[in-house]
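K.L.:
Below are the C-alpha cells for one structure; questions will follow.
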Amino acid sequence: MKNRPSLTQIKKASKNLFRKNLWDSKRGKREIVRERQVTHYVANKIYKYSQTATGLALGEYEAANILHSSRVIENEIEEYPDIKNKISQLVFRLKVKNTPSKESMLKDLLKSKMINVHIKIELRRIFLS
C-alpha cells in the first residue's frame, strides 16, 4: 500500500486521539480495550499490516490477539456508531499527517526543471500568500 503510515505513527496517532496510553498494560477497562482494538483494526485491516507485525509494534501482542481484535471491531462496527467514528477519526489523523504540506509541495515544484521561471514566480505568489 502506497504512502501508508508506519505502525509507530499509528500508535502515536491513537495515543493522541484517545488521550490515554493504551499500551501501558495488556489489561484495562472496556473503553481502553475497545480503543486498543480499534487501533489494531486500523493497522491490520485498513493499512494491511500483518497480524504479527501489528502485534509486535503495538505492544508485543500475539497474532491471535490482533485477529480477535479485528474480528470484534468488524462485528461491532454496525452496532455501535461510536466505533465507526473512532476509526474514521484515527484514519483521518493518519491521512492528514502523511499529506505533504504546501511548503514541501512548493519546494518540489520549484526544484523541477520542467517548469519555467514565470510559472515558478506565480507558484510562489499563490502558495506563499
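Let's see how each residue does on (1) assigned to a helix (DSSP H, G or I); (2) under 17 Å from Phe18 (Cβ atoms):
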residue	(1), (2)
Lys48	no, no
Gly55	yes, no
Ser70	yes, no
Asp82	yes, yes
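K.L.:
Something else about it: Name the residue that is surrounded by the most Cβ atoms within 10 Å (Cβ to Cβ), counting only residues in segment 61-79 that are under 17 Å from Arg30 (Cα atoms) and among the charged types (D, E, K, R).
P.N.:
Going through segment 61-79, the residues under 17 Å from Arg30 (Cα atoms) turn out to be 65-66, 68-77, 79.
Among the residues that remain, those that are also among the charged types (D, E, K, R) are: 71, 74, 76, 79.
Working: Arg71: 13, Glu74: 12, Glu76: 16, Glu79: 8.
Out of the qualifying residues, it is Glu76.
K.L.:
When the residues of segment 53-78 are narrowed to those that are at pLDDT 90 or above and charged (D, E, K, R), which ends up farthest from Pro5 (Cα to Cα)?
P.N.:
For segment 53-78, the residue satisfying everything is Glu76.
K.L.:
Could we say that Leu22 is at pLDDT below 90, at negative phi, in a loop (DSSP other than H, G, I, E, B) and under 16 Å from the mean Cα position of the chain (by Cα) here?
P.N.:
yes
K.L.:
Go over the candidates Glu31, Glu35 one by one and state the one that is modelled with pLDDT of 80 or more and either of a type in the set (D, E, K, R) or not in a helix (DSSP H, G or I) (or both).
P.N.:
The match here is Glu35.
The values are calculated or read from the model by the stated rules, or taken from the named source; none is laboratory data. No experiment lies behind these values; they were computed from the predicted model shown. With ideal geometry, Cβ positions are generated from the backbone for all residues, glycine too; neighbour counts draw on all protein chains shown.
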